[in-house]
Amino acid sequence: MLTIDLEALQANYRRLAQAAAPARCAAVVKADAYGLGLDRVAPALAEAGANTFFVALPEEGMRLRSLLPDVTIYVLSGFFEGAETDYAEYQLRPVLNSLPDIERYRRLTIETALPAALHLDTGMSRLGLSRAEWHRLQEDPELVQGLDLRLFMSHLACAEDREAPLNTTQQERFRQARAFLPDIPASLANSSGIFLGPDYGFELVRPGVALYGANPTPGLESPMRPVVRLSVRILQVREIDSGESVGYGATYTADAPRRVATIAAGYADGVHRALSSTGRAWIGGYELPFLGRVSMDLISLDVSNLPEALAQQGQSVDLLGPDQDIDSLAGQAGTIAYEMLTSLGRRYHRQYLDHTT
Ligand SMILES: *Cc1c(COP(=O)(O)O)cnc(C)c1O
């Protein structure tokens, strides 16, 4: 059972909005709202006050538009060939990431100026105008003439590391550049960027992962509320003797008699195979180490120290819950909360908690 707490999500939005003020707070809902379900997440965020949303792809924007007819939607990955007419039809604003993007968009909008964002690369070398392109634009401002630019943005590479010198470098480059387009609202900070201080807020912040409960300030106590709980049922419990092995590849061999519980989740459900031998589940404060490999649909747990009343078929154990948050499980898998959230499987029964439940 995957439980998604929409009230906690809304509280997180308000918390981030408060931390970012006087900047306005948007919401990033790409990749099906980081795996949690756009259909339920986006309306809940709008109800909490969000009126600007970011998605990655035009298809995501179209889906979001059908849910929220009145909000502002930016498409981060840009102005896609073949989808040109969708932007106008669904009122999606492309984030223009290069001079050729700008040129194509200008050609489309020659009759009526359509709104867009302009993305400057300040240190990621991923998307956005390069330094050379930015210089060309400064020398020839006509390149953006006729465009209705509503947002000037850049993206931080190391925001979760307060000490990273690149944060200041990017912030200064961005501040300098925006002096060239002073009347357009500017946006730099993602979730962690909000906590780097007021220099990073500009006019709009773009949190994603912190809305969904990940800690934007690693190493410090999380200011966010957990949003996801993942409870998985025990299918079978057995006793094994010393010397017996567990799972594929027989990578675990019992050094003493053990009690083993097999639960109904595996790597096909986003419980990464990298959690083999390192992952942990929890129930009522008891830690249950993964034994051997994670299979596609199953995981074996050591329940030797669990009271027998709990080590029963039908009992649920938590992979995410009060004893283990998303950052912690992701860390055990050698990955980050972003990847863990966006891999959450489609086979779980999903339950959404809101003020009506
Ligand atoms: C994904 C993304 C965000 C949100 O980042 P988080 O770290 O999840 O808060 C913001 N801006 C851009 C450009 C992104 O791609």
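The values are calculated or read from the model by the stated rules, or taken from the named source; none is laboratory data. This structure is a prediction, so every number in the text was calculated from the model and none was measured. Please note: Cβ atoms are built from the backbone with ideal geometry, for glycine as well, and neighbour counts cover all protein chains shown. Only protein heavy atoms, including side chains, enter the accessible area calculation; ligands, DNA and RNA are left aside. Shrake-Rupley method; radii C 1.70, N 1.55, O 1.52, S 1.80 Å.
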>> To the nearest 20 Debye, how big is the dipole of the chain about its Cα centre, given +1 on the beta carbon of each Lys and Arg and -1 on that of each Asp and Glu?
In response: 140 debye
> Among P58, S304, L147, which residue has its Cα positioned farthest towards the positive end of the charge dipole of the chain, with +1 placed on the Cβ of Lys and Arg, -1 on the Cβ of Asp and Glu, and the dipole taken about the Cα centre?
Replying inline: S304
> Can you give the direction-averaged projected area of the convex hull of the alpha-carbon atoms in the range 1-112, in nm²?
Replying inline: 8.1 nm²
>> How big is the dipole moment of the range 17-99 about its Cα centre under a simple scheme where the beta carbon of each Lys and Arg is +1, that of each Asp and Glu is -1, and everything else is neutral? Debye, nearest 20, please.
In response: 320 debye
>> Considering only C-alpha atoms, what is the centroid distance from the range 285-302 to the range 196-251, in Å?
In response: 16 Å
> Roughly how many Å² is the accessible area per residue of the range 228-353, as a whole number, for a 1.4 Å probe?
Replying inline: 48 Å²
>> With bins 10 Å wide starting at 0, give me the P(r) of the range 275-316 over every alpha carbon pair, in whole percents.
In response: 30, 55, 16
> Carbon and sulfur: what percent of the chain's accessible surface (1.4 Å probe)?
Replying inline: 48 percent
> Put a dot 7 Å past each Cα toward the Cβ at E339 and S66; how far apart are the dots in nm?
Replying inline: 3.2 nm
>> Report the rotationally averaged projected area of the range 129-219 based on its alpha-carbon convex hull, in square nanometres.
In response: 6.5 nm²
> Considering every pair of different Cα atoms, what Kirkwood radius, in Å, is found for the range 2-212?
Replying inline: 17.4 Å
>> For the range 280-351, compute the orientation-averaged projected area of the C-alpha convex hull (one quarter of its surface), in nm².
In response: 5.5 nm²
> Running Debye on the range 238-357 with equal point scatterers at the Cα sites and no solvent, what base-10 log of I(q)/I(0) appears at q = 0.11, 0.23 Å⁻¹?
Replying inline: -0.37, -1.44
> How far is helix 6-20 tilted off the main Cα axis of the chain, in degrees rounded to 10, range 0 to 90?
Replying inline: 40 degrees
>> Output the 0 to 90 degree angle, nearest 10, between the alpha-carbon long axis of helix 38-48 and the longest principal axis computed from the alpha carbons of the chain.
In response: 70 degrees
> Radius of gyration and Dmax for the range 179-316's Cα atoms, expressed in Å?
Replying inline: 21.8, 73
>> Cα atoms only: what Rg and Dmax, in Å, come out for the chain?
In response: 23.5, 78
> In the range 165-255, which GluC sites (Glu not before Pro) fall in coil by DSSP and have 16 or fewer other Cβ atoms within 10 Å?
Replying inline: E203, E221, E244
> For the chain, what does -39500 (n - 2.57) per DSSP helix run (n ≥ 4), summed and divided by total residues, give at 222 nm, in deg cm²/dmol to the nearest 500?
Replying inline: -7500 deg cm²/dmol
> When only DSSP loop residues count, what chymotrypsin sites (Phe, Trp or Tyr not before Pro) in the range 118-219 have their Cβ near at most 12 other Cβ atoms within 10 Å?
Replying inline: none
> Once you charge only the Cβ atoms, +1 for Lys and Arg and -1 for Asp and Glu, what is the size of the charge dipole of the range 228-353 about its Cα centre, to the nearest 20 debye?
Replying inline: 420 debye
> Of the residues D161, D255, D269, which exhibits the maximal mean-square fluctuation in a Gaussian network model of the chain defined by a 10 Å Cα contact cut-off?
Replying inline: D255
